[in-house]
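K.L.:
Below is one structure. I have some questions about it.
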Amino acid sequence: MIQLGGVQIDFSNPVMLALAVCAGVLVLILVALIALLFRPARIPAPLAHQLHGLSSGQERLRGNLQTVSETQAHAQTQLVQSLETRLATVQLQMQQQLAQMQERTNQSLHGSAQRTTTSLTQLQERLAAIDKAQNNITKLSGDVLSLQDILSNKQTRGAFGEIQLNDIVSKALPKDSYTMQHTLSNGRRADCLIHLPNPPGPIVIDAKFPLEAYEALHRAGTDWELKSAVTNMRTSVRKHIRDISEKYILDGETADGALMFLPSEAVYAELHGNFPELVREGFDARVWIVSPTTCMATLNTMRAILKDARMREQAGEIRKTLRLLHRDVELVVARVGKLDTHFRQAREDLEGIGTAAERAGKRAARLDNFDFEEVAPEDTPLPLAPANGRVPS
């Protein structure tokens, strides 16, 4: 490769080689013409021979150039055909890839649409659930406000405790073992009277709810407020204990004790946790403080006592029934003995019938072989049948 100025000449290329040869021949021709112009004498034989050689070389060069041109045209044609073939192949591959890409895109879009639809459906369901929960929360808020209205009034709060007590007692005891709103001989009306046997006797359950004192105790922000709330709590509970002890414990009518029902586990825990002296005062006054949980446990114990008392009441009836049952069994045994006697007599009768049938069969056989010439008068008379109808064996 030769570089002339900014032009690179590569002699490995047939076209460049042919152009170089043509340039050399032209240079030689120009040199020869210049020599002829400056030397007009006749051309010597060697120079004529050289000119003839140059002409022949020029013809060969023209033929070579034509061959190179044809070869280049053929190569160019093959290159164009190869490029067209490759272009068609590439175009086909691109079409296939585009089709595959379009199919994947459609599948992806379809899957995205399905996922979007599923997500929207789930979102709608969740929104519906949230809307329902919101409605429940709104309703619950209304119920809480209603409960606050109920608990803010002493009468409605007392009714709330009575309703809860009635629900617990009705689940734990039979209906005939208690009376709600029972009036005692002193004119006082108890929330519930459990009809226990003596001892201990009927026992009263009265519902109390010291809510104001409890809420004041938990709202206290200063030491003075806390001290005042503690005092109010002690005063309220002691008053309830004293009222129950004086009104619902009557000698000869009720048990030697009563139950004070607190419809709140929190108030019950507060008393046992921070006011144990009030619980002990209740024990001294024979008033036992119970919560919904402990009241249910106490009522289950009372149910066992009622069941045992009723079993004792029915013990005489049970003994009477057992005596009748024993007599019936004796009658059955006697009748079975009589039936066995009848069966034994019937079996003996059947055996006698079988023996008589066998004897009659033997005599019939003798009659079949009887010879009248050798017959002799029988002196033995036939046995007569007994009076009871049996045939002797």
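K.L.:
Take Leu217 and decide whether it is of a type in the set (A, V, I, L, M, F, W, C), in contact with a helix residue (DSSP H, G or I) (Cβ under 9 Å, 6 or more places away or on another chain), in contact (Cβ under 8 Å) with a residue 40 or more places away in the chain and part of a loop (DSSP other than H, G, I, E, B).
P.N.:
So Leu217 does not fit the description; no.
K.L.:
(1) out of contact with any strand residue (DSSP E or B) (no Cβ under 6 Å at 6 or more places or on another chain); (2) modelled with pLDDT of 85 or more: which one isn't true of Val290, the others all being true?
P.N.:
(1)
K.L.:
Moving on. Hey, any hits in region 243-266 for a residue that's on the phi > 0 side of the Ramachandran plot and loosely packed, with under 13 Cβ neighbours inside 10 Å?
P.N.:
Scanning region 243-266 turns up at least one residue that is on the phi > 0 side of the Ramachandran plot and loosely packed, with under 13 Cβ neighbours inside 10 Å.
K.L.:
Follow-up. So, in region 204-214, of the ones that are without any contact (Cβ under 8 Å) to a residue 60 or more places away in the chain and not basic (Lys, Arg), which residue ends up surrounded by the fewest Cβ atoms within 10 Å (Cβ to Cβ)?
P.N.:
So, considering only residues that are without any contact (Cβ under 8 Å) to a residue 60 or more places away in the chain and not basic (Lys, Arg), the one surrounded by the fewest Cβ atoms within 10 Å (Cβ to Cβ) is Glu212.
K.L.:
For the condition out of contact with any helix residue (DSSP H, G or I) (no Cβ under 8 Å at 6 or more places or on another chain), without any contact (Cβ under 8 Å) to a residue 12 or more places away in the chain, among the hydrophobic types (A, V, I, L, M, F, W, C) and in the same structural domain as Thr183 (by TED's automatic domain parsing), what is the one hit in Ala255, Ala297?
P.N.:
Ala297
K.L.:
OK, next. Restricting attention to region 267-291, which residues are farther than 26 Å from Asn198 by Cα, surrounded by fewer than 19 Cβ atoms within 10 Å (Cβ to Cβ) and among the aromatic types (Phe, Trp, Tyr)?
P.N.:
Phe275
K.L.:
OK, next. Within the bounds of region 208-222, is there any residue that is within 18 Å of Thr298 (Cβ to Cβ) and in contact with a His (Cβ under 6 Å, 6 or more places away or on another chain)?
P.N.:
The answer is yes, given that some residue of region 208-222 is within 18 Å of Thr298 (Cβ to Cβ) and in contact with a His (Cβ under 6 Å, 6 or more places away or on another chain).
The values are calculated or read from the model by the stated rules, or taken from the named source; none is laboratory data. None of these values were measured; they are calculated from a predicted model. Backbone-built Cβ (ideal geometry, glycine too); neighbour counts: all protein chains shown.
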